[in-house]
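Read-outs throughout are calculated quantities, based only on the coordinates presented, and are distinct from any laboratory measurement. From a predicted model like this one, the values you see are computed outputs, not experimental measurements. Heads up, the Cβs are rebuilt from the backbone with ideal geometry, glycines too, and the neighbour counts pull from every protein chain shown.
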Amino acid sequence: MFDTIILCTVLVGVVLITVFTFESWYDIFPVLATVIFSVGLWQKNTKMFRILGAISSLSWIIFMLLVGSAFGLILESILLGVAVSSVVFYEIIERVKLENSKPVEPHPSK
């Protein structure tokens, strides 16, 4: 419950700051990225955290393309690659663990 109050406070703060600093239509992308990443930080499921991090990076990439920031684009592309590869990597690990935890069936005797 307390965690939810903190998250809501952060999100309200982001929205209030956005209202006072909004300059153009594409300013919504950093706000969207911040909100998505903030929600991701409150997830107990690490896979969901990584997926939301990747979505956040996509929003930042769109913004960086629109404002023409090459270094920002490079940084967010690297972060997106790390987020996606970590989701894939941990998904592979979970599948291997699942396969290794299956009981071994004995060979039928002839």
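Report, to the nearest 10°, how far helix 28-41 tilts away from the longest principal axis of the Cα atoms in the chain, using its own Cα long axis and a range of 0 to 90°.
The two axes meet at around 40 degrees.
Relative to the first principal axis of the alpha-carbon coordinates of the chain, what is the inclination of helix 46-67, with its axis defined by its Cα atoms, in degrees from 0 to 90 and to the nearest 10?
Approximately 40 degrees, to the nearest 10.
Let me know the number of lysine pairs in the chain closer than 25 Å at the Cα, not counting same-chain pairs under 8 apart.
Lysine pairs meeting the criterion: 4.
Using the Cα gyration tensor of the chain, with a ≥ b ≥ c the square roots of its eigenvalues, what is the shape: rounded (a/c below 1.5), prolate (a/b larger than b/c) or oblate (neither)?
Here the chain falls in the oblate category.
Tell me what the chain gives for mean residue ellipticity at 222 nm when only DSSP H runs of n ≥ 4 count, each as -39,500 (n - 2.57), the sum divided by the residue total, rounded to 500 deg cm²/dmol.
Only helices count here, giving -28000 deg cm²/dmol.
How would you rank L58, L41, going from fewest to most other Cβ atoms within 10 Å of each one's own Cβ?
Placing the least packed residue first, the sequence is L41, L58.
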